[in-house]
Amino acid sequence: MFNKVLIANRGEIALRVLRACKELGISTVAVHSTADAEAMHVRLADQSVCIGPPASRDSYLNVHEIIAACEITGADAIHPGYGFLSENAKFAQILEAHDITFIGPSYQHIMTMGDKIEAKQTAKRLGIPVVPGSDGAVTEDDDAKRIASDIGYPVIIKAASGGGGRGMRVVWKESEMGVALQTTRSEAGAAFGDDAVYIEKYLAKPRHIEVQVLGDGKNVGIHLGERDCSLQRRHQKVFEEANSPALNEEQRDRIGMVCANAIGEMGYSGAGTIEFLYEDGEFYFIEMNTRLQVEHPVTEMITSIDLVNEQLRVASGAGLSVGQQDIAFTGHAIECRINAEHPSTFVPSPGKITYYHPPGGLGVRVDSGVFQGYSVPPYYDSLIGKLIVHGRNRVECLMRLRRALDEFVVDGIDTTIPLFRDLLDNQDVQMGDYDIHWLEKFLDEKS
Ligand code: ADP
């Protein structure tokens, strides 16, 4: 196992990784921007190194400073968390050249899955069902029109290098295609430095269902079931649960095994998520994330498997601690993403937390780096914590979640906690009856 791990991230995920390291007896190094000098991940780490000014590109994305911090502190490995450098193949490759272990898959796998066109082709080759669409990149209006009329409108144009719900445009009819194609290409070029776009069928009422996988880097892949992340705003997840209320055991096993086999065949190393849209009983691959995800705790709650521990084990050469036969699902878990934002306008609300009281009790987990007196800086993502609740079944989980939300007090800034209280009053949410458009409609009706 590693002696010392550097955590190249901030906020709740830096703490999450730090906890797993501590439980394995690994020393930790926190890196931080000047804005995060007082942050909890810095306070709890064995060592810390300031790597630059507040702007992410000068600190959390500053590869040279991060490698220097690693060398100064003698860390063996870097855990990238999610976001920032976690899916940067070049970063993983540079670490390899410096003899520092990247806690994640090989840079080749990151590269393949980072290009959504290549990812889709790879998935198809591995027997994973994909959304019908263009075979590769589309540049010409005429090609786009031909492909769209073959699959049938509406279609969605997506940037090959897109992420975070950006770089997508729905096209409803042929007369809109020319402008839509060229606009999406130029936006993609400006936002991602890659103007390649592809076309796929726009599914009208799908759910977003994703499968958590682990690979040993050789030939074994396992799955830890699915998460349902259909409640989204602007293609960003807000509320996630496991298992999905829409799947039965047979469907879960079937899609899970398709994913596990693909991961084994790829020789994939560590944790990953294969994302699908699910409609009318069919799964359609949309992308694979080659990292830990924000919503990973719901899987941990129903499997009792520490995903970061498994990542550390695989990266260090110790191998997975479990096989497919050891994975069992117990009860139901839900996660609410608590953002420092107004609960209905979603305007970011940085500032000082004057009073903080997190909920507790059986089956309640709060992953957060904030505390009373902490100032949420304005420079980063507005996620300040996650409330994750487990119950023996979905009803118990919902009741416990309501209780936990009622206990949760964060004063001084706006948070999205009241939104979740409203959601739990809704019958569709109570019944688990929603698709990826449900939340936006709910929010429109409310305003
Ligand atoms: P990103 O990498 O930006 O997260 P994804 O490909 O994972 O992009 O898509 C994000 C979300 O966009 C999905 O969860 C879904 O809500 C919507 N979406 C993507 N592709 C389609 C599609 N073919 N049909 C309908 N909605 C889609």
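The values are calculated or read from the model by the stated rules, or taken from the named source; none is laboratory data. Quantities reported herein were computed from a predicted structural model and do not represent experimental measurements. Every residue, glycine among them, receives a Cβ derived from its backbone with ideal geometry; neighbour counts consider all protein chains shown.
Odds and ends about this structure:
- Residue within segment 64-85 that is within 19 Å of the chain's Cα centre (by Cα) and either assigned to a helix (DSSP H, G or I) or free of Cβ contacts under 8 Å to residues at least 12 places away in the same chain (or both) present: no
- Residues satisfying the stated conditions in segment 203-214, i.e. within 14 Å of the ligand (Cβ to nearest atom) and closer than 16 Å to GLU275 by Cβ: LEU203, PRO206, ARG207, HIS208, ILE209, GLU210, VAL211
- Of all residues making up segment 248-275, the number that are surrounded by fewer than 21 Cβ atoms within 10 Å (Cβ to Cβ) and in a loop (DSSP other than H, G, I, E, B): 2
- Residue within segment 158-165 that is over 30 Å from LEU423 (Cα atoms), in a loop (DSSP other than H, G, I, E, B) and within 16 Å of the ligand (Cβ to nearest atom) present: yes
- For beta carbons closer than 8 Å, sequence separation of 6+ or different chains, a first residue in segment 275-291 that is over 23 Å from GLU87 (Cβ atoms) and a second that is of a type in the set (Lys, Arg) and modelled with pLDDT of 95 or more, the qualifying pairs are TYR278/ARG207; GLU279/LYS205; GLU279/ARG207.
- Output for segment 130-149, where each listed residue is in a loop (DSSP other than H, G, I, E, B) and away from the ligand (no atom under 13 Å from the Cβ): ASP135, GLY136, ALA137, VAL138, THR139, GLU140
- Neighbours by Cβ (under 6 Å, 6+ apart or cross-chain): first from segment 363-383, on the phi < 0 side of the Ramachandran plot; second polar (S, T, N, Q) and not in a loop (DSSP other than H, G, I, E, B): SER382/ASN339; LEU383/ASN339
- So ALA148, is it touching a strand residue (DSSP E or B) at 6+ places or on another chain (Cβ under 6 Å) and farther than 17 Å from TYR284 by Cα: yes
- Check on ARG185, basic (Lys, Arg), at pLDDT below 95 and either within 16 Å of the ligand (Cβ to nearest atom) or in contact with a Ser or Thr (Cβ under 8 Å, 6 or more places away or on another chain) (or both): no
- Among the candidates ALA30, ALA20, residue that is of a type in the set (A, V, I, L, M, F, W, C), on the phi < 0 side of the Ramachandran plot, part of a strand (DSSP E or B) and buried (at least 18 other Cβ atoms within 10 Å of the Cβ): ALA30
- A search for C-beta distances below 9 Å between a residue of segment 94-116 that is outside any helix (DSSP H, G or I) and any residue that is buried (at least 19 other Cβ atoms within 10 Å of the Cβ) and among the aromatic types (Phe, Trp, Tyr), counting only pairs 6+ apart in sequence or on different chains, returns THR101/PHE2; PHE102/PHE91; ILE103/PHE2; PRO105/TYR268; SER106/TYR268.
- Counted as qualifying within segment 334-447 are the helices (runs of 4 or more DSSP H) with 2 or more residues that are buried (at least 18 other Cβ atoms within 10 Å of the Cβ) and in contact with a Pro (Cβ under 9 Å, 6 or more places away or on another chain), namely 394-407, 417-425.
- Filter pass, VAL370 being under 23 Å from ASP228 (Cβ atoms) and not small (Gly, Ala, Ser): no
- Criterion applied to GLY221, GLY217 was being more than 12 Å from the ligand (Cβ to nearest atom) and in contact with a Ser or Thr (Cβ under 7 Å, 6 or more places away or on another chain), and the one residue passing it is GLY217.
- Matching residues, segment 311-329, being in contact with a Gly (Cβ under 7 Å, 6 or more places away or on another chain) and either more than 24 Å from ILE78 (Cβ to Cβ) or outside any helix (DSSP H, G or I) (or both): PHE329
- Restricting segment 166-175 to residues that are surrounded by fewer than 16 Cβ atoms within 10 Å (Cβ to Cβ) and at pLDDT 95 or above, the residue that is farthest from the ligand (Cβ to nearest atom) is SER175.
- Top-ranked residue of segment 198-211 - restricted to ones that are under 15 Å from the mean Cα position of the chain (by Cα) and under 22 Å from ASP115 (Cβ atoms), ranked as surrounded by the fewest Cβ atoms within 10 Å (Cβ to Cβ): HIS208
- Odd one out for VAL155, checked against (1) within 28 Å of ASN309 (Cβ to Cβ); (2) over 18 Å from the mean Cα position of the chain (by Cα): (1)
- Long-range neighbours under 9 Å by Cβ, at least six apart or interchain, first residue within 18 Å of HIS342 (Cβ to Cβ) and more than 10 Å from the ligand (Cβ to nearest atom) within segment 224-238, second polar (S, T, N, Q) and assigned to a strand (DSSP E or B): VAL238/GLN232; VAL238/ASN339
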